[in-house]
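Below is one structure, written out as structure tokens, with a few remarks after it.
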Amino acid sequence: MIVNVKATNKKSGEVISFALEGNADAGFTYEGTHMQEVADNKIREVNNGLILLGSPLYTIKAGETEVIENMTFVTEITAD
């Protein structure tokens with residue numbers, strides 16, 4: 001499954017967009033790298049918010065969109 005991620009920084013308004021590939025059982029990767037080991041600090045920070053307990057990342061189905069809000073980002077994830 002491909003999950004498109006669009007995160008908007010609440011303070012600066014900067015938008016970070018990228019795609020994760022995988023599933024809830026095997027985990028997700030960004031360009032072949034585990035989502036917690038991504039070199040880009042901004043993408044890794046967004047990913048850290050996505051892996052928290054109760055995150056819709058692990059329950060979202062194809063065609064669905066969910067919004068996650070934390071202290072820094074408002075993140076919209078869409079499963080394809």
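The values are calculated or read from the model by the stated rules, or taken from the named source; none is laboratory data. Quantities reported herein were computed from a predicted structural model and do not represent experimental measurements. Every residue, glycine among them, receives a Cβ derived from its backbone with ideal geometry; neighbour counts consider all protein chains shown.
Points to keep in mind about this one:
- When residues in segment 1-31 are screened for being touching a residue at least 60 places away in the same chain (Cβ under 8 Å) and of a type in the set (G, A, S), 1 of them pass.
Matching residues to (1) closer than 19 Å to G13 by Cα; (2) of a type in the set (G, A, S):
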site	(1), (2)
G32	no, yes
E37	no, no
Y58	no, no
G63	no, yes
M71	yes, no
E76	yes, no
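- Comparison of A7, A39 shows that the only residue that is within 11 Å of the chain's Cα centre (by Cα) and at pLDDT 95 or above is A7.
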